[in-house]
1. Mind giving me the nanometre distance, one decimal, between the label points for Asp54 and Arg179, set 7 Å out from Cα along Cα→Cβ?
2. Expressed as a whole percentage, what fraction of the accessible surface of region 37-161 belongs to carbon and sulfur atoms when a 1.4 Å probe is rolled over the protein heavy atoms?
3. Give me the 1.4 Å probe accessible area per residue for region 89-179, excluding ligands and nucleic acids, in Å².
4. Could you give the nm distance between label points at Ser146 and Phe35, where each point is 7 Å from its Cα heading toward the beta carbon?
5. Give me the extension gain from Thr116 to Thr69: residue separation times 0.36 nm, minus the current Cα-Cα distance, reported in nm with one decimal.
6. Extending each Cα 7 Å along its Cβ direction at Phe127 and Arg99, get the distance between those two points in nm, one decimal.
Amino acid sequence: MEAPDRAGIARALILSNRIGDYLSVGFRRWASSNFLVPERATSSGGILVELHHDGWVVVGVDLSANLPTPGYGLPVDANNLRLVVDEAVVLADTHRLHRSADAPIEMAATVLATETNRRLVPFDLDFGRMKQVEETRHPKKLRPASSVLAPNAGDAALRACAYELNSGLLHQFGMEVRR
């Protein structure tokens, strides 16, 4: 897992590659998405980013894009999950710094499925190709993982927060998180 830091926003691997610089403003929030606007759709899957006036940051990503669908479940890209969590932590911290907030950030991450009766099946990189991870659990839903980021958080605290969120999600599959 690449360690997130404040400079990570500039080299974002998932968020910046899938959405443009256009943020629409409305309902006291700023949003960018390729889910909602058909001409902005990409083949690499959908993404939604919302920055709210009160400090809320919402990131939604299609983690099953371009993965084979196993007959008994929904695929989940564990590699993209780790990267998106890292980037969401940095995005939330950057948004907090721009707002000059001096309170801790409570963060939560989860994987939601539209088809609740199917199991979630993790896929990960294996020699450069996406492959189903063998000998893992296939839960029907994941419990949210949570963490708190202190107001004076540095890069080490960002890395620890991202690690806690990633491990909270991936341990539910029975997967270890690389530091």
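The values are calculated or read from the model by the stated rules, or taken from the named source; none is laboratory data. These figures come from a predicted structure and were not determined experimentally. Because the Cβ atoms are built from the backbone with ideal geometry, glycine has one as well, and the counts that use them run over all protein chains shown. When the accessible area is computed, the model is the full protein with side chains, heavy atoms only, and any ligands, DNA or RNA have been set aside. Shrake-Rupley method; radii C 1.70, N 1.55, O 1.52, S 1.80 Å.
1. Between Asp54 and Arg179, the label points sit 3.7 nm apart.
2. 53 percent
3. 61 Å²
4. For the pair Ser146/Phe35, the computed spacing is 2.2 nm.
5. That pair, Thr116 and Thr69, stretches by 15.4 nm at full extension.
6. The answer from the label model is 4.7 nm.
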